[in-house]
Amino acid sequence: MSEDVLLSYLGGTPFLSAQESATINFLLYIILAIRKEGIMDFSFLSVLLPMLFRGLKVTLFISVCGILFGFLIGSFTGYALQSKNKIAKVFANIYIWIIRGTPLIVQALYIFYVVPDLFNTDISSNVAGIMVISLNSGAFIAEIVRGALEGIDPGQKEAGLSLGLTPTQTLFHLIVPPAFRSMLPALFNQFIITVKDTALLSVIVVKEITQQIQNYQSMTFNTIGTYTTGAAFYLVIISILILLQKQVERRIKK
């Protein structure tokens, strides 16, 4: 794209908010300034971008698997938190306390290095990454689930029982559907957080986006270009997910 065409986009676009348009304009001005001053040779992108897209595949795979397993863990834990079973409550609270009280990077190192020694087995970096994301997101999803279940009108349960439904039927037919609908925006937000959290998995050599960025920089020593491109790549991916989240929220409000 020529500079004249690129500049034609500056000044705002109709489908973006003023803040989003201003941010894009600022980034475009920086790119043009770098290009005019000859600070950065963009030919390196022909090598770096394919590496970033390979990393994106790994990032999305781990994020999707992690959020799905995390949802299962979080659903059981969240239900336990608002149940009358005291033992289940204790275990749920201990799990959440441990996960929320330790950094994700420490959890990754522990699962990748300590767990295999404890059980005398090997764990691949990708499997360890999925385990870390699942356990970590599960603790936060548990609070989302608990809040959604507690937000349902108690009259729903009473109505189900008065209609002759069993407690299980009442739960799955009258309580879970509206609760799930109300927690969808928070779950999507947790998925976005999960995608960003996968960057920390580079410490256990998961070949996600950040690991690919570090690999290229260590081979070429192109620090400015590599990390600037990596940051822009993350910004684009997360922005797309944020736009999708807004679409989901609009549909839910209708």
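Would you work out if region 47-253 is rounded, prolate or oblate? Take a ≥ b ≥ c from the square roots of the eigenvalues of the alpha-carbon gyration tensor; rounded if a/c is under 1.5, else prolate when a/b is larger than b/c, oblate otherwise. Mind showing how you got there, number by number?
Details: a/c = 3.29, a/b = 1.71, b/c = 1.92.
Oblate, since a/c reaches 1.5 and b/c is not below a/b.
Please state the shape class of region 168-254: rounded when a/c is under 1.5, otherwise prolate if a/b exceeds b/c and oblate if not, all from the C-alpha gyration tensor.
oblate
Only counting other Cβ atoms within 10 Å, I'd like Ser137, Ser75 sorted with the fewest neighbours first.
Ser75, Ser137
When Tyr216, Tyr234 are ordered from fewest to most other Cβ atoms inside 10 Å of their Cβ, what list results?
Tyr234, Tyr216
With the cut-off at 32 Å, tell me which of the pairs Lys157/Lys253; Lys89/Lys207; Lys196/Lys253; Lys89/Lys246; Lys57/Lys86; Lys86/Lys253 have Cα atoms farther apart than that.
Flagged as over cut-off: Lys89/Lys207; Lys89/Lys246; Lys57/Lys86; Lys86/Lys253.
How much length, in nm to one decimal, is gained on full extension between Gln214 and Asp153, taken as 0.36 nm per residue of separation minus their Cα-Cα distance?
In short, 16.9 nm is gained.
Starting with the fewest neighbours, write out Met183, Met131, Met219 ranked by other beta-carbon atoms found within 10 Å of each beta-carbon. Kindly include the intermediate steps, with their values, before the conclusion.
Values: Met183 23, Met131 20, Met219 11.
The most exposed by this proxy come first: Met219, Met131, Met183.
What's the Kirkwood radius of region 109-156 in Å, using all Cα pairs?
12.9
Suppose a student asked you for the relative contact order of region 47-253, using Cα pairs under 8 Å spaced at least 6 residues apart; what percent would you report?
Over region 47-253, the number comes to 31 percent.
Counting other C-beta atoms within 10 Å, and keeping those with at most 16, which DSSP coil trypsin sites (Lys or Arg not before Pro) do you find in region 65-123?
When the trypsin sites (Lys or Arg not before Pro) of region 65-123 are filtered for loop state and at most 16 Cβ neighbours within 10 Å, Lys84 remain.
Bear in mind that the values in this text are calculations on the coordinates, not laboratory data. This structure is a prediction, so every number in the text was calculated from the model and none was measured. In this analysis, Cβ positions are derived from the backbone assuming ideal geometry, glycine residues included, and neighbour counts consider all displayed protein chains.
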